[in-house]
1. To make sure I understand, if each residue's beta carbon is the centre and we count other beta carbons within 10 Å, what order do Val42, Val63 fall in, fewest to most?
2. Hey, could you get me the Stokes-Einstein D for the chain, Kirkwood radius over alpha-carbon pairs, 4 °C and 1.567 mPa s, rounded to whole µm² s⁻¹?
3. Projected onto the charge dipole of the chain (+1 at Lys/Arg Cβ, -1 at Asp/Glu Cβ, origin at the Cα centre), which of Leu12, Leu41, Cys22 gives the Cα projection farthest towards the positive end?
4. What list do you get for Lys7, Lys66 if you sort them by fewest beta carbons within 10 Å?
5. Would you work out the relative contact order for the chain, in percent, from Cα pairs under 8 angstrom that are 6 or more residues apart?
6. Highest first, please rank the peptides 26-37, 46-57 by the mean number of other Cβ atoms sitting within 10 Å of their residues.
7. Calculate for the chain the 222 nm mean residue ellipticity that helices alone would give, adding -39,500 (n - 2.57) per DSSP H run of length 4 or more and normalising by residue count, nearest 500 deg cm²/dmol.
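Taken together, the values in this text are just the output of simple stated rules run on the coordinates, not laboratory data. The shown structure was predicted, so the numbers you read here are calculated from the model rather than taken from an experiment. A quick note on method: Cβ atoms are made from the backbone with ideal geometry, for glycine too, and the neighbour counts reach across all protein chains shown.
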Amino acid sequence: MAKHKSKTWYRLYKGKRIAGICSGLSDMFGIDVTLIRFIFLVLIFTPMPGSIILLYLLAWIIVPVK
C-alpha cells in the first residue's frame, strides 16, 4: 500500500501507464495504484463510459505534472 505523500493532486511520471492520473490519485489518497486503475476500469463498463473517459481526459489536461 502506498504512503500518503501529497495533499494536492498531481500527475506522476513515476509509475505512470497513460497519463499519470491514477498514480497521482494513488499518491494523494495513499491507496495502491492497482486498486485505482481497477476502479477506473470498472467505471468504464458502467452505462455511461463516455463520461468517465471524458473526466479522465479533462484531468489529463487540467491536473499539473509533478
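1. Placing the least packed residue first, the sequence is Val42, Val63.
2. Translational diffusion coefficient: 108 µm²/s.
3. So the residue we want is Leu12.
4. Arranged by neighbour count, lowest to highest, Lys7, Lys66 become Lys7, Lys66.
5. Reported as a whole number, the value is 36 percent.
6. 26-37, 46-57
7. -16500 deg cm²/dmol, from helical runs alone.
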